[in-house]
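Report on the structure given below.
Each value in this text was obtained by applying a stated rule to the coordinates, not by laboratory testing. The structure displayed is predicted, hence computed values, not measured ones. Cβ coordinates were reconstructed from backbone atoms using ideal geometry, including for glycine residues, and neighbour counts include every protein chain displayed.
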Amino acid sequence: MLTQVLIHCPYCGEPVDIFVEGSAEDQQYIEDCQVCCRPIVLRVTVDEDGGVRVDAASENDG
Ligand SMILES: [Zn+2]
């Protein structure tokens, strides 16, 4: 089941809708910003209640 999450691009600050796998374990992947096309590093964590939390960082943040 996919969960829609709104994040803000660390480069241009625009809101970006992403879809994450809610039932999956913690994951990290890169998705290009729909606005400025730069690679956003997404860290997805799922808490015990099934809530999905997404941290968006620029590639240079490490
Ligand atoms: Zn952007």
Exercise. For the stretch 2-46, with equal point scatterers placed on the C-alpha atoms only and solvent neglected, what are the log10 I(q)/I(0) values from the Debye formula at q = 0.13, 0.17, 0.26 1/Å, to two decimals?
Worked result: -0.26, -0.45, -0.95
For this session: Note down the magnitude of the dipole of the stretch 2-58 about its Cα centre, charges +1 on Lys and Arg C-beta and -1 on Asp and Glu C-beta and zero elsewhere, to the nearest 20 debye.
Result: 280 debye
Problem set entry | Spacing of the two label points (7 Å from each Cα toward its C-beta) at Asp47 and Glu31, in nm | 2.0 nm
